[in-house]
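What follows is one structure encoded as structure tokens, with my remarks underneath.
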Number of protein chains: 2
Amino acid sequence: MNVLSLQEKFEGFTEHWNPYIIGELNNQYVKVAKFKGEFCWHSHEHEDELFYVLEGTLIIKLRDKDLVLNAGNMAIIPKGVEHCPVTKNNEEVKVLLFEPKMTVNTGEEENTLTMVPDWI
Amino acid sequence: MNVLSLQEKFEGFTEHWNPYIIGELNNQYVKVAKFKGEFCWHSHEHEDELFYVLEGTLIIKLRDKDLVLNAGNMAIIPKGVEHCPVTKNNEEVKVLLFEPKMTVNTGEEENTLTMVPDWI
């Protein structure tokens, strides 16, 4: 049982779109990730997913609208809802994610962006 | 599906030790709370609990040590572990909580601090 510093966690990696696990509770993972550019359209059949933006501006494209998240903003994407995260002006965005342990970053899609997350 | 602003949520209430629900996912709640002073010793029999400090300094007293969380720090208290949150210098601390829907703020204790959380 330790104190986790998010700043230290973010200093520990440079890759984009590769979430790292920083905590586990109630069969959920807490993850940190750096996003930059455009991800892929996907959905998660069984899992809701929370995005909390710590730095930068994240646009979560939905089929019918865009959600624009600045630092301090949060959005929950319900299971089954197609979404595509994109960063504003191609700038880096720091994100905290909460989701079930089983969640795969690309949802039901398996492609070159699919990652099995490591702990950091 | 909306963008949540944590700042707006915190502006919507003034009470201390009364968590408000701001989101729900995978049978978990995301809550915000303002802490000030000392809470009570308690534990949660079945639920792990996440504290993420947004502003101020929170001390989570454990039976064998203290966890000191500054802004940007996080700690996960596993089920069954007795803890007592206290704010440093009796100052207000803004906290984000992530825990199962069934979690009661005072855990297995029921006392005057016990609250049924509302949505905000």
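Go through the stretch B:93-120 and give me each residue that's under 17 Å from B:Tyr52 (Cβ atoms), in a strand (DSSP E or B) and not acidic (Asp, Glu).
Hits for the stretch B:93-120 are B:Val93, B:Lys94, B:Val95, B:Leu96, B:Leu97, B:Phe98, B:Pro100.
Say whether the condition of being in contact (Cβ under 8 Å) with a residue 60 or more places away in the chain, over 25 Å from B:Lys101 (Cα atoms) and more than 12 Å from the chain's Cα centre (by Cα) is met by at least one residue in the stretch A:80-94.
Yes, because at least one residue in the stretch A:80-94 is in contact (Cβ under 8 Å) with a residue 60 or more places away in the chain, over 25 Å from B:Lys101 (Cα atoms) and more than 12 Å from the chain's Cα centre (by Cα).
Could you go through the stretch A:46-60 and let me know if any residue there is surrounded by 15 or more Cβ atoms within 10 Å (Cβ to Cβ) and away from chain B (no Cβ under 14 Å).
Within the stretch A:46-60 (the criterion being surrounded by 15 or more Cβ atoms within 10 Å (Cβ to Cβ) and away from chain B (no Cβ under 14 Å)), the answer is yes, since at least one residue qualifies.
Give the residue that is least open to solvent (accessible area, probe 1.4 Å), with candidates limited to residues of the stretch A:1-14 that are facing another protein chain (nearest Cβ under 8 Å) and among the hydrophobic types (A, V, I, L, M, F, W, C).
Of everything passing the filter in the stretch A:1-14, A:Leu6 is least open to solvent (accessible area, probe 1.4 Å).
Run down B:Glu99, B:Glu47 and say which single residue is of a type in the set (Asp, Glu), within 17 Å of A:Leu4 (Cβ to Cβ) and in contact (Cβ under 8 Å) with a residue 24 or more places away in the chain.
The match here is B:Glu99.
Identify, please: which residue in the stretch A:77-108 is buried (at least 16 other Cβ atoms within 10 Å of the Cβ), touching a strand residue (DSSP E or B) at 6+ places or on another chain (Cβ under 6 Å) and within 13 Å of another protein chain (Cβ to nearest Cβ) and is, among those, farthest from A:Tyr29 (Cα to Cα)?
So, considering only residues that are buried (at least 16 other Cβ atoms within 10 Å of the Cβ), touching a strand residue (DSSP E or B) at 6+ places or on another chain (Cβ under 6 Å) and within 13 Å of another protein chain (Cβ to nearest Cβ), the one farthest from A:Tyr29 (Cα to Cα) is A:His83.
Which of the following residues is open to solvent by 10 Å² or more (accessible area, probe 1.4 Å) and over 21 Å from B:Asn2 (Cα atoms): A:Trp17, A:Trp41?
Being open to solvent by 10 Å² or more (accessible area, probe 1.4 Å) and over 21 Å from B:Asn2 (Cα atoms) holds for just one of A:Trp17, A:Trp41, which is A:Trp17.
Under the condition of being facing chain A (nearest Cβ under 7 Å) and free of Cβ contacts under 8 Å to residues at least 60 places away in the same chain, which residue from the stretch B:25-38 is most open to solvent (accessible area, probe 1.4 Å)?
Ranking the candidates gives B:Asn26 first.
State the number of residues belonging to the stretch B:1-24 that are free of Cβ contacts under 8 Å to residues at least 40 places away in the same chain and closer than 25 Å to A:Tyr29 by Cβ.
Residues in the stretch B:1-24 being free of Cβ contacts under 8 Å to residues at least 40 places away in the same chain and closer than 25 Å to A:Tyr29 by Cβ: 6 in total.
The values are calculated or read from the model by the stated rules, or taken from the named source; none is laboratory data. Quick caveat: nothing in here was measured; it's all calculated off a predicted structure. Cβ sites come from the backbone with ideal geometry, for glycine too, and all protein chains shown count toward neighbours. Calculation scope for accessible area: heavy atoms of the full protein, side chains included, ligands and nucleic acids excluded. Shrake-Rupley method; radii C 1.70, N 1.55, O 1.52, S 1.80 Å.
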